[in-house]
Amino acid sequence: MNYLLDTHTVIWFLNDDPHLSKAAEEAITSPTAHNHVSIASLWEVGIKMSIHKFDFEGGFSAFCDLIRQNGFKIIHLEQKYIQNMLSLPLIHRDPFDRIIVSTALCEDMTILTADENISKYKVTSVW
């Protein structure tokens, strides 16, 4: 199964946060899982760190290192994701979440997210 982790999902997984649902944890740790993180999530985390809304022990580099160490593949932005995002209904105004939805749609991935607005799109999600 191909999963795309929403930003909060990857943060909660890496921090062993109790907010992470059992279903999301099982999906991520499944031996058949192919886990992905959008470069948009890294951008979002970087912005939040720079304005002191989020802190991660070891800083941004440690955050990125842990993503790789856990075997998560980073998905870079492609023109088709942005093109597809332009046609999405404005259910969600957060640009990071919109690009995550678009990426999942283009790549036929399931999004692991607690964000109820994402589930309003025609995308598969698990929480």
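Looking at (1) under 12 Å from the mean Cα position of the chain (by Cα); (2) surrounded by fewer than 17 Cβ atoms within 10 Å (Cβ to Cβ), find the lone condition where Val101 falls short.
(2)
Of all residues in segment 89-118, which are over 22 Å from Ala33 (Cα atoms), part of a loop (DSSP other than H, G, I, E, B) and either in contact (Cβ under 8 Å) with a residue 60 or more places away in the chain or of a type in the set (A, V, I, L, M, F, W, C) (or both)?
Taking segment 89-118 first, the residues over 22 Å from Ala33 (Cα atoms) are 89-96, 98, 116-117.
Applying the additional criterion that residues be part of a loop (DSSP other than H, G, I, E, B) yields 89-94, 116-117.
Matches in segment 89-118: Leu90, Ile91.
State whether the residues of segment 16-25 include one that is among the polar types (S, T, N, Q) and touching a Phe, Trp or Tyr at 6+ places or on another chain (Cβ under 6 Å).
Yes - at least one qualifying residue is present in segment 16-25.
Of the residues Val45, Val37, only one is surrounded by 20 or more Cβ atoms within 10 Å (Cβ to Cβ), in contact with a strand residue (DSSP E or B) (Cβ under 8 Å, 6 or more places away or on another chain) and either closer than 17 Å to Lys73 by Cα or at pLDDT 95 or above (or both); which?
None of the other options fit; the residue is Val37.
Take Lys73 and decide whether it is of a type in the set (Lys, Arg) and surrounded by fewer than 11 Cβ atoms within 10 Å (Cβ to Cβ).
no
With the structure loaded, tell me whether Glu57 is acidic (Asp, Glu), free of Cβ contacts under 8 Å to residues at least 60 places away in the same chain and in contact with a Cys (Cβ under 9 Å, 6 or more places away or on another chain) or whether it fails that test.
For Glu57, the condition - acidic (Asp, Glu), free of Cβ contacts under 8 Å to residues at least 60 places away in the same chain and in contact with a Cys (Cβ under 9 Å, 6 or more places away or on another chain) - is not met.
Going by the conditions given, is His19 of a type outside the set (A, V, I, L, M, F, W, C), in contact (Cβ under 8 Å) with a residue 40 or more places away in the chain and surrounded by 14 or more Cβ atoms within 10 Å (Cβ to Cβ)? Don't jump to the end; show me each part of the working.
Numbers: of a type outside the set (A, V, I, L, M, F, W, C): yes; in contact (Cβ under 8 Å) with a residue 40 or more places away in the chain: yes; surrounded by 14 or more Cβ atoms within 10 Å (Cβ to Cβ): no.
Judged against the criteria, His19 is not a match.
Confirm whether Ser50 is of a type in the set (Ser, Thr, Tyr), more than 15 Å from the chain's Cα centre (by Cα) and within 30 Å of Gln79 (Cβ to Cβ).
Yes: the conditions hold for Ser50.
The values are calculated or read from the model by the stated rules, or taken from the named source; none is laboratory data. These numbers were taken from a predicted model, which means no experiment stands behind them. Cβ atoms come from the backbone with ideal geometry, glycine included; neighbour counts cover every protein chain shown.
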